[in-house]
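*Asks:* There's a structure below that I have some questions on.
Values in this text are rule-based calculations from the coordinates and carry no lab data. The structure presented is a predicted model; accordingly, all values stated were derived computationally and were not measured. Heads up, the Cβs are rebuilt from the backbone with ideal geometry, glycines too, and the neighbour counts pull from every protein chain shown.
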């Protein structure tokens, strides 16, 4: 396995681990102290992980990164520190679950294209670049610089993205009935007309 593949695998695994930690915090499964008590409930999200000090170390580090990112906060109750998910954490978790749902093969295509246009000012170039990465990660295909297309309903995902990136008025979601020269797009997504 090459260096790039190893690095990509490491990033995917970290993302999966942090998602599991967010789910656990949301469900109220874990206490953020020196150890993570309900590791068996978290382990179902990971193949190849074993209980023990290494898992607890990874869990504590992951909780620290989530707190630093503003996705969770810690609170004291009865002399114990508990992790609590923030609104931003809930949004990220919802986007992740929508990503999982969108990557699953849809049963039947309705023949309509979902098109997302955005026009983000140059002074917000960083947001624009992060949005492009987001669109690629979620499976959208770029038609032009700021025009992206997807075959299935993704309105909820785009609404969350607008809120997360704070681009409400700078982005537009459309449903297109017909698109000329869409043969390559249909082939890319493995679609047949309904």
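*Asks:* Above 15 angstrom, tally the Cα pairs of the stretch 150-194 and express them as a % of all pairs, no decimals.
*Replies:* Tail fraction, whole percent: 54.
*Asks:* Same structure again: Calculate the FRET efficiency for residue 84 and residue 143 from the Cβ-Cβ distance with a Förster distance of 45 Å, rounded to the nearest 0.05.
*Replies:* Working from the Cβ atoms, E equals 0.65.
*Asks:* Over the Cα atoms of the stretch 63-177, compute the convex hull volume and normalise it per residue, giving Å³.
*Replies:* 122
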